[in-house]
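One structure is given below, encoded as structure tokens.
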Amino acid sequence: MSAYGAITRKNTDTHLQTTLWRLPSPAPGKPASPFSHLTIHHLTRDTAAKLEGLLEYTHAVFADEVACGTTYPQEQLAGEYTRETFEAYFWAADVFVSLGGTGDASSDKAVVDEGVSRIELSVEGARAGRTWEDCLVGFYYVKPNYPGRSSHICNAGFVVPPPHRQYGYGKTLGQSYLHYGPSLGYKASVFNLVYANNIGSMKIWDSLGFTRAGLIPRAGRMRRADGSEEWVDAVVYYRSFVPEEFWAQPISSS
């Protein structure tokens, strides 16, 4: 539910192919990843429910993020952040989960199309018997940011579990979003609230060609490391997924 009411998922019958993303060498001073590549898998709540423990694990990770009070606006005012609330928010549309892998990255089976490696690999195949804690390095949703006449603009929310941070996976997830967002039919993206204390996130979107479209002063009452709270500004980020000339074309009525 948003300020505009319920916003429904676009293209409900769409299922996008798994992609494979090779990880770059770590920047100086950064730790080396235990994985050589990530696979990104497109899921919905229904398909995720068939994977034992996945909904429970993503709920636990997100609930902890909400409890930290440093990145998302949700707040646990009346106890825990329930799984029902989480699924209605995070799994209401399209979700992409990323699993870490090692070895050759099955390069003989990956098909490179428009610079993106596509691969026939299921979530369970990529998981290879590991726990979600060991292999699930990140997940994000994609859904319309606005209804109706503005539903061509999507929004996304990203989570990297704490044990998998500092390896640069966030940027790889962002790069995959630039592939999957347009593949779902969206023409542009808006991030409504990237809090100014989230320096890592801001570096990612700046580096991926997003525009700082606006600043909302004192947008969040965010928690400091010592447990106190402070008012934090938020940046609104925008990026078009299509060439500039697209916007000047006549709009099809079909």
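Taken together, the values in this text are just the output of simple stated rules run on the coordinates, not laboratory data. No experiment lies behind these values; they were computed from the predicted model shown. Quick reminder, even Gly has a Cβ in these numbers, built from the backbone with ideal geometry, and neighbours come from all protein chains shown.
Numerical summary
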read-out: Residue in segment 189-214 that is nearest to residue 165 (Cα to Cα), counting only those that are surrounded by fewer than 18 Cβ atoms within 10 Å (Cβ to Cβ) and of a type in the set (Gly, Ala, Ser); value: 200
read-out: Pairs where the first residue, in segment 83-102, is assigned to a loop (DSSP other than H, G, I, E, B) and the second is among the charged types (D, E, K, R), C-beta under 6 Å, 6+ apart; value: 91/45; 93/9; 93/143
read-out: Residues of segment 204-240 that turn out to be part of a strand (DSSP E or B), of a type in the set (A, V, I, L, M, F, W, C) and closer than 18 Å to residue 188 by Cβ, as a count; value: 3
read-out: Boolean, residue 224 is under 13 Å from residue 198 (Cα atoms) and surrounded by 12 or more Cβ atoms within 10 Å (Cβ to Cβ); value: yes
read-out: Conditions (1) in contact with a Pro (Cβ under 9 Å, 6 or more places away or on another chain); (2) outside any loop (DSSP other than H, G, I, E, B): number failed by residue 41; value: (1)
read-out: Which listed residue is within 15 Å of the chain's Cα centre (by Cα) and either under 29 Å from residue 20 (Cα atoms) or surrounded by fewer than 18 Cβ atoms within 10 Å (Cβ to Cβ) (or both), from 182, 217, 243; value: 182
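Yes/no matrix, rows are residues, columns are (1) small (Gly, Ala, Ser); (2) more than 29 Å from residue 223 (Cβ to Cβ):
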{"residue": "37", "(1), (2)": "no, yes"}
{"residue": "49", "(1), (2)": "yes, yes"}
{"residue": "57", "(1), (2)": "no, no"}
{"residue": "64", "(1), (2)": "no, no"}
{"residue": "67", "(1), (2)": "yes, no"}
{"residue": "73", "(1), (2)": "no, no"}
{"residue": "86", "(1), (2)": "no, no"}
